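S.K.: Sending over a structure as structure tokens; questions will come in a sec.
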Amino acid sequence: MSADTRLEELGGSGLGEVDERAFSGLAERHRRELHVHCYRMLGSFEDAEDTVQETFLRAWRRRETFEGRSTFRAWLYRIATNACLDLLAKCRPEPATGGEVPWLQPYPDRLLDELPAGDADEPETVAVARETIELAYLVAVQHLAPRPRAVLILRDVLGWPAKDVAGLLGDSVNSVNSALQRARAGMREHLPAERQDWTGGGEEDAGTRELVRRYTDASVATDIDGLAALLRDDVRCSMPPTPGLHVGRDTVLNDWVESGFEGMGHLRAVLTSVNRQPAVAFYLWRKREVAYLPLTIDVLRVTGGAITEIVTFHDDRFPRLGLPERLPADGTE
């Protein structure tokens, strides 16, 4: 007998009679979507993992409080949201002066593919799902105060009615609507200009794929001029958790040159996707290891046929992203 069948037989209100194994089976069905929800709230993959574990622990301990007035899924979302708010109340990190988010971590598309399909065939649903997991959206969300942040995600991403959000937060509907207006205004302030009118383009088009290929080739060749041709004038570049936001093609390229990019040595690259954006993982030849080892991963935002943002993550992210731990020699070293 499945856990779902068992809950249905109990009328949706008898969780107190469900054993731990059955309860775990019920909860685990929602792990990935709860993880993504917590990730949107917190901006950190690892903090989201810890918070989902805390959510399941709280749910098990409070299982007798589930009275069946809402779905089991909605009940878990309620607990997860409050767990995020509790964490943010203890230690809410602030974005850096330049607006970058040092605690930002990438989310691999291979795990996003595990999300339940739901109404994914509806174009609007697909658009919302894609745009609200992009790094630009995540960064903007992190600038919001915790409760308006929760309201925005629950209302605009999950589509909860204002009444249900008010019940979750212990607020009035008017307070929720006011918080949503403030949150939307805050998002407009921190989102890139072209991101405000994002309408969704579905899968990457051929032009984007070609641009990423050219970026990859120029990077492996440490070709500064080749890279310059691909970047928009106002391109933004950051490298969380390293502080610093570089804005403008010349500023970004000068930083790369000063950092020794042109003398980097032998590089190889692996194309991947992160946060529903194209990404390139770079590996550097290490003679002692007789292999290419992880270096950095660039997550790209492409607008109008040019690269408008590069978020670079360190090599410690490679395992989480399912990337190879090393690449073999290719005979050119």
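S.K.: So, in region 306-326, how many residues would count as being under 15 Å from Pro241 (Cβ atoms) and in contact with a helix residue (DSSP H, G or I) (Cβ under 8 Å, 6 or more places away or on another chain)?
M.R.: Of the residues in region 306-326, 2 are under 15 Å from Pro241 (Cβ atoms) and in contact with a helix residue (DSSP H, G or I) (Cβ under 8 Å, 6 or more places away or on another chain).
S.K.: If you don't mind, there's one more thing I want to ask. Only one of (1) part of a helix (DSSP H, G or I); (2) modelled with pLDDT under 95 is not met by Ile79, so which one is it?
M.R.: With respect to (1) part of a helix (DSSP H, G or I); (2) modelled with pLDDT under 95, Ile79 is out only on (2).
S.K.: Okay, next question. With the requirement that a residue be in contact with a strand residue (DSSP E or B) (Cβ under 7 Å, 6 or more places away or on another chain), part of a helix (DSSP H, G or I) and under 29 Å from Arg320 (Cβ atoms), what does region 222-275 give you?
M.R.: Passing the criteria: Val252, Asp255.
S.K.: State yes or no: is Ala96 at pLDDT 95 or above and either of a type in the set (A, V, I, L, M, F, W, C) or in contact with a Lys or Arg (Cβ under 6 Å, 6 or more places away or on another chain) (or both)?
M.R.: No: the conditions fail for Ala96.
S.K.: Which of the residues spanning region 229-246 are surrounded by 14 or more Cβ atoms within 10 Å (Cβ to Cβ) and either over 24 Å from the mean Cα position of the chain (by Cα) or without any contact (Cβ under 8 Å) to a residue 40 or more places away in the chain (or both)?
M.R.: The answer is Leu230, His246.
S.K.: Which one of these is of a type outside the set (A, V, I, L, M), out of contact with any Gly (no Cβ under 8 Å at 6 or more places or on another chain) and at pLDDT below 95: Arg182, Arg155, Arg195?
M.R.: Sole residue among the options that is of a type outside the set (A, V, I, L, M), out of contact with any Gly (no Cβ under 8 Å at 6 or more places or on another chain) and at pLDDT below 95: Arg195.
S.K.: Just give me the residues in region 158-187 being among the small types (Gly, Ala, Ser) and free of Cβ contacts under 8 Å to residues at least 24 places away in the same chain, in sequence order.
M.R.: Passing the criteria: Gly159, Ala162, Ala166, Gly167, Gly170, Ser172, Ser175, Ser178, Ala185.
S.K.: Closer than 18 Å to Ile153 by Cβ, hydrophobic (A, V, I, L, M, F, W, C) and at pLDDT 95 or above: does that describe Ala74?
M.R.: So Ala74 does not fit the description; no.
S.K.: Write out, first by first residue and then by second, each pair whose Cβ atoms fall under 6 Å of each other, whose residues are 6+ apart or on separate chains, and whose first residue, in region 146-157, is in contact (Cβ under 8 Å) with a residue 60 or more places away in the chain and over 18 Å from Pro93 (Cβ atoms) while the second is of a type in the set (A, V, I, L, M) and assigned to a helix (DSSP H, G or I).
M.R.: Once the first residue is in contact (Cβ under 8 Å) with a residue 60 or more places away in the chain and over 18 Å from Pro93 (Cβ atoms) and sits in region 146-157, its partners that are of a type in the set (A, V, I, L, M) and assigned to a helix (DSSP H, G or I) give Leu154/Val165.
S.K.: Just checking, does region 291-310 include any residue being surrounded by 14 or more Cβ atoms within 10 Å (Cβ to Cβ), touching a residue at least 12 places away in the same chain (Cβ under 8 Å), hydrophobic (A, V, I, L, M, F, W, C) and part of a helix (DSSP H, G or I)?
M.R.: No: region 291-310 contains no residue that is surrounded by 14 or more Cβ atoms within 10 Å (Cβ to Cβ), touching a residue at least 12 places away in the same chain (Cβ under 8 Å), hydrophobic (A, V, I, L, M, F, W, C) and part of a helix (DSSP H, G or I).
The values are calculated or read from the model by the stated rules, or taken from the named source; none is laboratory data. This one's a predicted model, so the numbers in the text were calculated from it and none came from an experiment. Using ideal geometry, Cβ is built from the backbone for each residue, glycine included, and neighbour counts are taken over all protein chains shown.
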